[in-house]
1. Select from LEU55, LEU64, LEU26 the residue whose mean-square fluctuation is largest in a Gaussian network model of the chain (Cα-Cα springs shorter than 10 Å).
2. In whole angstrom, and with the biggest value first, how far do the Cα coordinates of the chain range along each principal axis?
3. Give me the dipole magnitude in Debye, nearest 20, for the chain about the Cα centre, with unit charges on the beta carbon: positive for Lys and Arg, negative for Asp and Glu.
4. Taking the chain as a Gaussian network, Cα atoms linked when under 10 Å apart, which of TYR77, TYR31, TYR53 shows the biggest mean-square fluctuation?
5. If I build a Gaussian network model for the chain, linking alpha-carbon pairs within less than 10 angstrom, which residue out of LYS34, LYS12, LYS49 has the largest mean-square fluctuation?
6. Counting only the backbone N, which residues of the range 49-75 are under 19 Å from the spot 7 Å out from the Cα of ARG86 toward its beta-carbon?
7. Compare the Cα positions of TYR77, VAL57, SER33 along the charge dipole of the chain (+1 at Cβ of Lys, Arg; -1 at Cβ of Asp, Glu; about the Cα centre) and return the one farthest towards the positive end.
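Values in this text are rule-based calculations from the coordinates and carry no lab data. Keep in mind that what you see is a predicted model, and the values were worked out from it rather than measured. Don't worry about glycine lacking a Cβ; one is built from the backbone with ideal geometry, like all the others, and counts go over all protein chains shown.
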Amino acid sequence: MTIKACLSLFNKLMTINSLNLMQFRLLAKNYLSKSVFEDVQKNSEQIWKSLMYFLVVEFQEKTLIPPPFIIFHPIYYALRRCCKTRRSR
């Protein structure tokens, strides 16, 4: 075999080897990205629901009264509770 023939054969083998390697990397990337996407998709709904729950709880705890008048807010609820208990008796 001549040197040119050996180099030609070597180049062909290296090309085939690099193509196989690229194909393997592409398959591995697709498999890994699909599994990561599915994991994120599964957890995203649960995370979104828990965040919405905490947002609703935070909104429910806030008052409509501006800060200087917040002192009157607990007094108002205490009086309202007293009035409800008197009406129910």
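1. Of LEU55, LEU64, LEU26, the most mobile in the Gaussian network model is LEU64.
2. Sorted from largest, the Cα extents of the chain read 110, 32, 10 Å.
3. Details: 14 positive and 5 negative charges, 109 e Å.
Once rounded to the nearest 20, the dipole reads 520 debye.
4. It is TYR77.
5. LYS12
6. Correct set: 73-75.
7. Of the candidates, TYR77 comes out farthest on the positive side.
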